[in-house]
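To start, the structure under review is shown below, and the notes come after it.
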């Protein structure tokens, strides 16, 4: 379902300094980071996601999570949902800070996080997505840099009752200091969107470039030579995608699904 998956209440837990890429699924899923049902009190910071089928981060309800200083670059290549997605059950008639399941109250109606100072740059479609228009009603959102291959004027933002323009999104207190602008990645051979050009609007908003030197496999002394370990690490950071990936036609997608099914059934026979 996701490259990093969390579930339930976990005060003090931090997911930090990861690079998750090339996450795809046949059906449900395809996110880089997935705070699933009731994930609460997590901090996600200094993470990078790229080349994912769907959003770079998907929260399926939960409370009081902090999502800050992350990069979601060229995610949502299949146009599933957006750069970041927030989902909750229909209805928001419970006190989300004092939920009592014994009284039939549904925690699934509550989803809250602070989405602060991130770079949200999907391949296509909206930068923020949701299951229902009021999914962000309990969220704090600011200082994010939004950008997409979809023109800015065509981007939709949830405004509690419907979707509207970025200006409307700001008028209700979200991303008041955010912007729609090219984040200006300083891409290198193994950079993985971790550094930015000096004029980046993200740097102007306090974003800190992410150190990926310690991302990936760790090793105990004597496991492999320094040279071999460096070779293995660099090999893990070679996958790139085009800014304008080729999209499957309906016919191609149907053939892909038939091939997938036939291969899966064939494997089961043996």
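Since every read-out is calculated from the coordinates, none of them should be taken as a lab result. This structure is a prediction, so every number in the text was calculated from the model and none was measured. Note that we place each Cβ from the backbone using ideal geometry, even for glycine, and neighbour counts take in every protein chain shown.
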Checklist line | Residue satisfying condition, being under 21 Å from residue 36 (Cβ atoms), in contact (Cβ under 8 Å) with a residue 40 or more places away in the chain and in a loop (DSSP other than H, G, I, E, B), within set 86, 76, 149, 65 | finding: 76
Item checked: One residue from 85, 16 being in contact with a strand residue (DSSP E or B) (Cβ under 8 Å, 6 or more places away or on another chain) and more than 19 Å from residue 141 (Cβ to Cβ) -> 16
Notebook entry, point to check: So residue 114 fits all but one of (1) in contact with a helix residue (DSSP H, G or I) (Cβ under 7 Å, 6 or more places away or on another chain); (2) closer than 14 Å to residue 57 by Cα; (3) surrounded by fewer than 23 Cβ atoms within 10 Å (Cβ to Cβ); what number is the exception?
Noted result: (1)
Note to self: I need the full set of residues from the stretch 43-61 which are farther than 16 Å from residue 125 by Cα, within 10 Å of the chain's Cα centre (by Cα) and not in a loop (DSSP other than H, G, I, E, B), in order please.
What the structure shows: 48, 49, 59
Checklist line | Condition broken by residue 120, with the remaining ones in (1) assigned to a strand (DSSP E or B); (2) surrounded by fewer than 24 Cβ atoms within 10 Å (Cβ to Cβ) satisfied | finding: (2)
Next item on the list: For the stretch 152-172, enumerate the residues that are surrounded by 21 or more Cβ atoms within 10 Å (Cβ to Cβ) and outside any loop (DSSP other than H, G, I, E, B).
Entry: 157, 158, 169
Notebook entry, point to check: For residues in the stretch 17-30 being in contact (Cβ under 8 Å) with a residue 40 or more places away in the chain and not in a loop (DSSP other than H, G, I, E, B), which is surrounded by the fewest Cβ atoms within 10 Å (Cβ to Cβ)?
Noted result: 22
Note to self: For the condition surrounded by 24 or more Cβ atoms within 10 Å (Cβ to Cβ) and out of contact with any helix residue (DSSP H, G or I) (no Cβ under 8 Å at 6 or more places or on another chain), what is the one hit in 52, 40, 14?
What the structure shows: 52
Notebook entry, point to check: Yes or no: residue 192 part of a loop (DSSP other than H, G, I, E, B) and touching a residue at least 12 places away in the same chain (Cβ under 8 Å)?
Noted result: yes
